[in-house]
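What follows is a set of notes on a single structure, which appears directly below.
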Amino acid sequence: MHIETRDQLAAIPDPAAGPEVYRQHARQWLRANLPDHMRADSLDYRTPTLEESRAWEAAMYHAGLAGMTWPTAYGGHGLTLREHLAVNKEIGAQPMPESVSSIGKELAGPIIMTVGTEAQKEAFLPAILAMREYWCQGFSEPDAGSDLARLRTRAVQEGGHWRINGQKIWTSGAAKAHYCLLLTRTGTVADKHRGLLMFAVPMNTPGIRVVPIKSIDGKESFAEVFFDDVVVPDSARLGAPDEGWNAAIRVLSIERATNRMYRPWRFECELRHLVSACKSDAQLARLLDDGYTQRRVGDVACEIDALKGLVETTVSRLMAGESIGARGSLTKLYWSECHQAFAGLALSLMSHVTPHSSLQARRARKAFSTAYLFSRAETIYAGTSEVQLDVIAQRILNLPKDLT
Ligand SMILES: Cc1cc2nc3c(=O)[nH]c(=O)nc-3n(C[C@H](O)[C@H](O)[C@H](O)COP(=O)(O)OP(=O)(O)OC[C@H]3O[C@@H](n4cnc5c(N)ncnc54)[C@H](O)[C@@H]3O)c2cc1C
């Protein structure tokens, strides 16, 4: 695989060039460099290895396509959300693999920038951008998912260090992670939101045990993580004791409102792939002539357009200095339901693929079956649809709690 080097920095537009110039730069670079075997719509596609994904994302960073809004002091490009969005539109438009480091780049990095010490920022941020270190997010527990404030993993201070005991579950990427963004409690469960504390815990600390969980698509991308007398220095603490809940809410707000901003452009790219796969086969092409199918495709196209509007509005509001707060739930609900509806449509079309269908259609069937299974998880992680509806009802529409 061809990997760009730091020399590519010369090609990165001047920070004053504006979002449109960045968008063109991203489009040209991605089209020229995305290998065929990483393009989901290519007949040469194969699932990239972790190392291939790492090398690809490191190359993207060196080409100026990651860390757009991060300060230059920590390896970022010191730009605004407008350039970030411009680049993300082009990232979405290419059928490329999902990031293998989105928890580091989109969740851990921003919260370290907000609550971390100078030493923590210098230690963690450049390593995340350069793809040297992966992170996982240790929030959910067997009895604390939607109601995160019920978490029980305990951190007890003993002199200059902390002793951690407990269990996390559904921890994505735990097996490959170098660090865990860990949410713990210092008091009792009855304290609820008080007494929560966040840590950056090295995953190779003695006492940490990772037990992979196999999901319906056969992958083992998340895990249970057990903490048995795990001892970390006070310097692993992210933020002050008692600041954990606010930090966790910030992380959830990013997760719901602004991370993977490329989604509607990626969904559009997937829709193009689906239509092209159908057109590649005479029998499937006939399905596209059907009025019912056309209305469903039209519905998906409208939803994708509306989602683009939601993302653009979020960026405008943030650029104007407004906070997104509960409105992040609108975005989370909308993208996950929109993609699940699209994946359902794709699966129903692909169910007509037979061993005699075109090679492109047979390849697409495999890709869209996997996408369908994963779309079932999309209305769960980062907060379930029911929870987003509660937030919208109570915090945006101010409806009384007992009517929801
Ligand atoms: C693919 C995937 C990856 C994940 N990755 C991570 C990760 O990296 N790190 C991490 O910490 N967690 C992760 N999670 C966990 C995820 O955040 C939780 O699954 C989610 O918050 C729901 O919690 P739960 O599974 O405990 O379900 P529960 O909270 O037990 O919910 C069960 C059901 O009850 C409903 N429900 C709960 N409360 C309410 C309410 N107040 N009103 C109406 N309905 C309600 C829910 O909608 C759901 O249908 C991941 C999950 C998935 C599926």
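The values are calculated or read from the model by the stated rules, or taken from the named source; none is laboratory data. Just so it is clear, the structure is predicted and the values come from calculations on it, not from any experiment. No Cβ is skipped: glycine too gets one built from the backbone with ideal geometry, and neighbour counts run over all protein chains shown. In case anyone asks, the SASA skips ligands and DNA or RNA and just uses the protein heavy atoms, side chains included. Shrake-Rupley method; radii C 1.70, N 1.55, O 1.52, S 1.80 Å.
To keep it simple, each residue is scored yes or no on (1) over 27 Å from MET198 (Cβ atoms); (2) within 18 Å of the chain's Cα centre (by Cα).
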{"site": "GLY18", "(1), (2)": "yes, no"}
{"site": "ALA32", "(1), (2)": "yes, no"}
{"site": "MET60", "(1), (2)": "yes, yes"}
{"site": "MET68", "(1), (2)": "no, yes"}
{"site": "HIS84", "(1), (2)": "no, yes"}
{"site": "ILE91", "(1), (2)": "yes, yes"}
{"site": "LYS121", "(1), (2)": "no, no"}
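Please indicate, with yes or no, whether at least one residue in segment 263-270 is closer than 21 Å to ASN88 by Cα, open to solvent by less than 20 Å² (accessible area, probe 1.4 Å) and not hydrophobic (A, V, I, L, M, F, W, C). Among the residues of segment 263-270, at least one is closer than 21 Å to ASN88 by Cα, open to solvent by less than 20 Å² (accessible area, probe 1.4 Å) and not hydrophobic (A, V, I, L, M, F, W, C), which makes the answer yes. Is it the case that ALA155 is outside any loop (DSSP other than H, G, I, E, B), modelled with pLDDT under 95 and more than 12 Å from the ligand (Cβ to nearest atom)? No, not satisfied. Against the test of being under 21 Å from TYR45 (Cβ atoms) and either in a helix (DSSP H, G or I) or out of contact with any Leu (no Cβ under 7 Å at 6 or more places or on another chain) (or both), the options ALA393, ALA326, ALA377, ALA367 yield a single qualifying residue, ALA367.
Of all residues in segment 210-236 being open to solvent by less than 50 Å² (accessible area, probe 1.4 Å), at negative phi and at pLDDT below 95, which is nearest to the ligand (Cβ to nearest atom)? Filtering first and then ranking leaves SER215. When LEU347, LEU359 are checked against the criterion of being hydrophobic (A, V, I, L, M, F, W, C), assigned by TED's automatic domain parsing to the domain that holds TYR292, under 22 Å from GLU98 (Cα atoms) and open to solvent by 50 Å² or more (accessible area, probe 1.4 Å), LEU347 stands alone in meeting it. All conditions in (1) β-branched (Val, Ile, Thr); (2) away from the ligand (no atom under 16 Å from the Cβ); (3) open to solvent by less than 40 Å² (accessible area, probe 1.4 Å) hold for THR114, with the sole exception of (3).
When ALA223, ALA190, ALA200 are screened for being small (Gly, Ala, Ser) and outside any strand (DSSP E or B), only ALA190 passes. Comparison of SER385, SER336, SER369, SER329 shows that the only residue that is farther than 22 Å from GLU255 by Cβ and not aliphatic (A, V, I, L, M) is SER369. Considering segment 366-385, and only residues there that are in contact (Cβ under 8 Å) with a residue 60 or more places away in the chain and more than 16 Å from the ligand (Cβ to nearest atom), the residue that is surrounded by the fewest Cβ atoms within 10 Å (Cβ to Cβ) turns out to be ALA367. Scanning segment 159-178 for residues that are open to solvent by 60 Å² or more (accessible area, probe 1.4 Å) and either closer than 25 Å to LYS219 by Cα or free of Cβ contacts under 8 Å to residues at least 60 places away in the same chain (or both) turns up GLY159, TRP170, ALA175, LYS176, HIS178. You will find that of LEU181, LEU197, the residue that is surrounded by 24 or more Cβ atoms within 10 Å (Cβ to Cβ) and more than 10 Å from the ligand (Cβ to nearest atom) is LEU197 and no other. The sole residue among GLY109, GLY92, GLY104, GLY78 that is modelled with pLDDT under 95 and among the small types (Gly, Ala, Ser) is GLY78.
Only a single item in (1) within 16 Å of the ligand (Cβ to nearest atom); (2) in a helix (DSSP H, G or I); (3) surrounded by fewer than 17 Cβ atoms within 10 Å (Cβ to Cβ) is not met by ALA73, and it is number (1).
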